[in-house]
Amino acid sequence: MKSLFHLAYNVTDLDTARRFYGDVLGCREGRSTATWVDFDFFGHQLSLHLGTPFATAPTGHVGDKLVPMPHLGVILETPDWQALAARLQAAGTEFVLPPQLRFEGQPGQQWTMFFCDPFGNPIEVKGFDSLDSVYES
């Protein structure tokens, strides 16, 4: 079965969202109205609606770090992850967890980075050498 994931959440300004999701993350804009805009978020549909962003708290344990929960994430192959990390760094993105390798040499070895959009919505991006290895234990 082939499917796309859809997630909708709130932002406070659509123009700022367009700059961040479109220009910085490189997501293609889809349909929109005066109160929401869709993006192709790495192959999935992300709908950003005007409103109050959801509350988050640093309660997710990632190794010895605490990361914001809940959060949105995407998994990319390593070269795409590296290109996105470089684009985010060039844009001056403030990272919750800077780009780094974790679980090195273990099943589940992955690159990861956490950052927030301009509205405080947390995003994690993981990088795997092969998407076939995401669920290996």
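What to note about this one:
- DSSP finds beta bridges in the chain, and of those with both partners inside it, around 70 percent are antiparallel.
- C-alpha center-to-center spacing [the range 29-78, the range 84-116] in angstrom: 16 Å
- Taking every alpha-carbon pair within the range 6-50, the share separated by more than 11 Å comes to 59 percent.
- Ranking of Ser47, Ser130, Ser137 by count of other Cβ atoms within 10 Å, fewest first: Ser137, Ser130, Ser47
- Gyration tensor (alpha-carbon) shape descriptor, the range 31-88, a/c threshold 1.5: oblate
- Fraction of beta bridges assigned by DSSP in the range 57-133 that are antiparallel (%, nearest 5): 75 percent
- Between Gln109 and Asp80, residue separation times 0.36 nm minus the direct Cα-Cα distance comes to 8.8 nm.
- Evaluated at q = 0.11, 0.13, 0.14, 0.25 Å⁻¹: base-10 log I(q)/I(0), Debye formula over Cα of the range 40-135: -0.33, -0.47, -0.54, -1.51
- Calculated FRET value between Arg102 and Leu72, using beta carbons and R₀ = 22 Å, to 0.05: 0.70
- Label-point separation in nm, Leu131 to Leu4, each point 7 Å along Cα→Cβ: 1.4 nm
- Percentage relative contact order, the chain, counting C-alpha pairs under 8 Å, at least six apart: 21 percent
- Near-label residues of the range 38-53 by backbone N, under 12 Å of a point 7 Å along Cα→Cβ of Arg87: 40-43
- With the helix formula -39500 (n - 2.57) applied to DSSP H stretches of n ≥ 4, the chain reaches a computed 222 nm mean residue ellipticity of -3500 deg cm²/dmol.
Computed from the coordinates by the stated procedures, all read-outs in this text should not be read as laboratory data. Computed from a predicted model, the values in this text were never measured in an experiment. All Cβ positions, glycine included, derive from the backbone under ideal geometry; neighbour counts span all protein chains shown.
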